[in-house]
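Read the structure below first, then the notes.
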Amino acid sequence: MCIWHENFERFRTIMKALHCPTRWLIIECLKDGEKSTKEILNCLLKKDETITLTSLYYHLSELKNAGIVEIAGYREEGGGAPQKVWRLKVRKIEIPLVSEDDKS
């Protein structure tokens, strides 16, 4: 695959992940450090975002697939299954328009 096609696909994946305002709010919730899924849900609810846990997992999955967030680990919270703990994988996104080899 040529470099422009790789860059285009990366750009498209990122734009797909960031097209939704809820995902920007998730990023905002994670800006100060790691949070469990439950903590992210509570953060979103405090920002008057109407969201279910199922919907939150979908949004986190899309952000993870785009390389924006990652699972930092797991945390026990009040018994039951451990909660996933999330963090920002990147704080800035750069997409080269041309490769360094294309200089002429």
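For this structure, a couple of remarks:
- Test: THR22 is modelled with pLDDT of 95 or more, part of a helix (DSSP H, G or I), exposed (fewer than 11 other Cβ atoms within 10 Å of the Cβ) and not aromatic (Phe, Trp, Tyr): no
- Condition check for ILE40: over 30 Å from GLU6 (Cα atoms), of a type in the set (Val, Ile, Thr), touching a residue at least 24 places away in the same chain (Cβ under 8 Å) and crowded, with 18+ Cβ neighbours inside 10 Å: yes
- Within segment 31-60, being of a type in the set (S, T, N, Q), assigned to a helix (DSSP H, G or I) and closer than 21 Å to VAL90 by Cα holds for one residue alone: THR37.
- Candidates GLU62, GLU94, GLU76, filtered to the one that is closer than 30 Å to GLU6 by Cβ, loosely packed, with under 14 Cβ neighbours inside 10 Å, acidic (Asp, Glu) and without any contact (Cβ under 8 Å) to a residue 60 or more places away in the chain: GLU94
The values are calculated or read from the model by the stated rules, or taken from the named source; none is laboratory data. As the structure is a prediction and not an experimental result, all values here were calculated from the model. FYI the Cβ positions are ideal-geometry reconstructions off the backbone, even for glycines, and counts take in every protein chain you see.
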